[in-house]
Every structure is written in structure tokens, then in C-alpha cells.
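Heads up: the structure comes next, in C-alpha cells.
Rule-based calculations on the coordinates, nothing more; no lab input. Since the model is a prediction, treat every value here as computed from it, not as a measurement. Every residue, glycine among them, receives a Cβ derived from its backbone with ideal geometry; neighbour counts consider all protein chains shown.
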Amino acid sequence: MDALLPPRGTAQWQAADAAHFLHPFTDFGALAAQGSRIITRAEQLYLWDSEGQRLFDAMSGLWCVNVGYGQQALIDAATRQLQQLPFYNAFFQTATPPAIELAELLAELTPPQFRHAFFTGSGSEGNDTVVRMVRRYWDLQGQPDRRILISRNNAYHGSTMAGASLGGMKSMHAQGGLPIPGIVHIDQPYLAAYRRQRPAAAGLDEEEFGLIAARWLEKKVLELGPHRVAAFIGEPVQGAGGVIVPPASYWPEIQRICDRYDILLVSDEVITGFGRTGHWFGCETQGFRPDLMTFAKGVTSGYIPLGGVMVGERVARTLIELGGEFEHGYTYSGHPVACAVAVANLQLIREQRLVERVHDDVGPYLAEQFATLAGHPLVGDVQTSGLMGALLLVREAAGQSPFRPDQPVGMVCRGHCFAQGLIMRAVGDRMIVAPPLIISRAQIDEMMALIRHCLDLTLADVHSRGWL
Ligand code: PMP
């Protein structure tokens, strides 16, 4: 291991980092004062920092390292492709074998309506592609007034101008004059939040609420006029918003509404794709049939950047048969090294039956284990979908009474997790996990023991702060 240690010590890395590296979604000044944690290597689902501390990575990097770290097949695929052809574009009526192979493999692995892939470098670029593609589709259909995309509050669809506009994070919109025109939002299907706003909804059950939440779409469509609505986009399970698992009634009703008003349905599968929820794609878990599907992250298990859009036959046939040139694309659309790694990654997921494992074994086991946390005095709601899990921290578990906005309990809990060697993410008062799909039952037990310990530390901490 010593040979792998970086040639500089932690303090030197931190100083150079603070001097030159502006991190994403970061308070630059605060981080520079505090110093980054320097991550130097990884194996399976463990990371090590420059101080030699081991961390259990319960977030798969950033929801992406589905096959875990150190998979030789992916490393070999990248090495081979780097040697043979590190780059060539797909603009000049040219293509490379890995890009063709990946498009073919994705057509096989995705639901049957998908036969074509458009590649990008990231999920954000994928969603920018969606905006341009659906508007182009409706132009070609002779309905140019259909320009509006409907999305949801608290959604995350990326950080580019269109991605951040589709997203429903108010704090992102506040920076840079967003959303761009033609994007509107409805509320998210999150019963705990709905109940907080409306005490009268206390008795509402999940399934009734799912229909209510889906019908906010219908209301919005009628308000705008169906002839102006191009598409609805959503994450099958909201990820960055806090792992908000919708009621089972939600997505089928969304499908019915989109069908009724002839609106394109877009599934953002950047997190939920490639096995995360126990099916290859989250739309299969949630029971709907999208026209377009954004993907990224798990397609390469994050070993190298790649994203894209699966284009269903309805849209693809129009673009191919009526479209002429589609004036959109990126230097790295179909990057051969990224595509070669993706092919190796998807083959590995298939050969090791990781999706089936999540569905039949470790997913249900995580659900069972998370349910036991509901007895903890700090834990209100607990939700999982496959290998995504969330627990809501509350002041009184029975009364579901939330902490005040000036009591950032999630950040406190996250601090304890980090100190104990567990990477768990905090989204407001929700603590979330999304471990690699290779996780074993024994490793889930290890993670759960850490989570319980950190919840106890958090409980003691919030007591001593006088928050309880
Ligand atoms: N969509 C969803 C659902 C995401 O979770 C993310 C990233 N977390 C994105 C899009 C954006 O992807 P990227 O960061 O690769 O641009």
C-alpha cells in the first residue's frame, strides 16, 4: 500500500487543493478554511484517505460505482481501448466499434420500446439533450406550440442550464436566473412533507396520496393547455432530493395522464438505472413505459464519464424519418474508451446477476434491516427501493415532529458517520445510502452496525445541544 501513497502528505494536498481547486456544490471559502479529506484509493466498497483511515462507502461514490471499486474487467477494457484507439468522434459520418457495441447492448437491456441511444458525457448533458429532442420532435410533428416540459419540485436533473432548470431545487434556481423559459414544476410525491403542510392529511394512506400527487400533473396540464405541453420528466425514485420513494399508485397514474394528453414521458434513470432499484431500470420497478430515458453514472459504474439518452421508437422514428440533421451533440458523444468500459461494466452486471441479486436478496435484506431502525428514538420514516435507502430524523419518532430549520440534524449525523468511517449522505433531515450492488449480507450488517452507532452518537449530541 505504501507504494500507492501519494508523494505528498495530507497537509500539502490540502494546501494545494485550497489554493487551486474549486469543488462542485461547495462553499469555497469554508472548505478552504477547513481542508478537504483526500481520498487516495479504493477496493470493493471501501475507500482509504491520505491518513490511512478506511471508509465504508455506502453512497457508491456519487450513486455510481454499481460494481464496486477495482474491477479488473473494466480496467482492462479501458487499457485495451486506450492503446488501440483512445479517441475518435462520431460527427464525420464515422463511428467506433465500442460506441456501436454499447448502443446495441443498451437496446437489448432496456425496455422493448428502446432501440436507439444518443451518447453524452454526463447526466446533465443527457437532460439538455432531452429538452432539445422533445421540442424537435413536436416541431417535426407539426405541433410547435408543444414546448413546455413539466418537472417536479425537489427533483435533481443536473447542473447545466437546462438540467438545473428541470431540477426543482429552489436554491439552484436562485443562482443564475433559472429556470430557463418553458419549464414548470409540480409538487413531489412525498407524503411526509405533504402531511407537515396539511395536518388534515394525517389519515391519508400512501396509495390515495399517490393518486393525488399524480393528478397535480393533470391539473397543471389543463391549466397550461395540453397543446402546449411537450413532456413530463421525473426520476422514478427521487435520489438527490433525499431518496423519496413514491407510492406504488403514482407512476401508473402519471402514465395514464401522459397517454391521455399525448405528452412524452421521460424517465431520468441517472441514479435508478443499471440495477439500483432491483430491475435494470427504475421505470420497470415503478411500472411505467417512458418515451425517453436519461442515463449516466451506473452505465460505466463511474469508472469514466459517460451519459446519454435512450430514445424510444415513437421519437426515434420521427427524428430518423422526418428530421434531417439534428443539430446537437458533443465531442465526447460515443467516446470509445468510455463506451468500452460501459460494455465491460454491463457485461459484468449481467454475468454476475447483480440486478437479480438486488431484487431477490440484498435489496429485500436492506429493506428488512432498515425497517428495524424505525424503533430508534430519532428515526421517523424509513424507505427503501432496491439498494437505495433513506431514514428521516425527527425529534419525536411517534409524533414525526421535525427538527427546526436552525437545527441541522442531518449534518450533525453525517459528521458522526464520517468520523466513524461511514459515508452516508444527508439531505436535510434525511440520511441516505446507496451502496454498490456487490454488497453482501455481511457487509449490510457491518453498515447497519455503523448506522446504529452513529444514530446513538447523534442522539447524545442533539441532547447535549439542547435540541430535544
Ligand atoms: N439526473 C439525476 C437523476 C441525477 O441524480 C444526476 C446527478 N446526480 C444528474 C441527472 C446529473 O448527472 P451529472 O452529474 O452526470 O451531470
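So which chymotrypsin sites (Phe, Trp or Tyr not before Pro) in the stretch 401-468 are both in a DSSP loop and have at most 16 other Cβ atoms within 10 Å of their Cβ? Intermediate values should be presented prior to the final figure.
Details: sites: Phe403, Phe418, Trp467; in loops: Phe403, Trp467.
Qualifying residues, ordered by number: Trp467.
Once the other residues with Cβ under 9 Å from the Cβ of Pro111 are scored (Lys, Arg +1; Asp, Glu -1), what is the net sum? Intermediate values should be presented prior to the final figure.
Numbers: positive: Arg289; negative: Glu284.
My count for the surroundings of Pro111 gives 0.
Using the Kyte-Doolittle scale, which helices in the chain average at least 1.0 and also have C-alpha atoms spread 27 Å or more along the helix axis, with helices defined as whole DSSP H runs?
Values: long enough: 206-224 (28 Å, -0.04); 441-464 (34 Å, 0.24).
Taking the DSSP H segments of the chain (at least 27 Å long, mean hydropathy at least 1.0), we get none.
Using C-alpha positions alone, give me the convex hull volume of the stretch 130-277 per residue in cubic angstrom.
117 Å³
Taking 8 Å as the Cα distance limit and 6 or more residues as the minimum spacing, I'd like the relative contact order of the chain as a percentage. Walk me through the numbers on the way to the answer.
Working: 898 pairs, mean separation 90.1, N = 468.
The normalised contact order for the chain reaches 19 percent.
Could you tell me what fraction of 2.2 N^0.38 Å the Cα radius of gyration of the stretch 45-137 comes to, as a two-decimal ratio? Can you show the working numbers first?
Details: Rg = 17.5 Å, N = 93, 2.2 N^0.38 = 12.3 Å.
That ratio works out to 1.42.
Just add up the charged neighbours of Leu62: K/R +1, D/E -1, any other residue whose Cβ is under 12 Å from the Cβ of Leu62.
Details: positive: Lys297, Arg425; negative: Asp57.
Around Leu62, the charge tally is +1.
Per 10 Å bin, what is the whole-percent P(r) computed from every C-alpha pair distance within the stretch 73-351?
7, 29, 35, 21, 7, 1, 0
Give the Rg/Rh ratio for the chain, taking Rg as the radius of gyration of the Cα atoms and Rh as the Kirkwood radius, to two decimals. Write out the running numbers ahead of the final one.
Numbers: Rg = 22.3 Å, Rh = 23.2 Å.
For the chain, the value is 0.96.
So, counting K/R as plus one and D/E as minus one, what does the shell of residues with Cβ under 15 Å around Glu321 add up to?
Once all neighbours under 15 Å are counted, the net charge is +1.
Which of the GluC sites (Glu not before Pro) across the stretch 1-107 are loop residues per DSSP, with 15 or fewer other Cβ within 10 Å? Kindly include the intermediate steps, with their values, before the conclusion.
Working: sites: Glu43, Glu51, Glu101, Glu104; in loops: Glu51.
Passing sites in the stretch 1-107 are Glu51.
Would you kindly state the longest site-free stretch of the chain, with sites defined as trypsin sites (Lys or Arg not before Pro) in a DSSP loop (not H, G, I, E, B) surrounded by at most 13 other Cβ atoms within 10 Å? Write out the running numbers ahead of the final one.
Details: sites that count: Arg8, Arg353, Arg465.
Maximal segment without exposed cleavage sites: 9-352.
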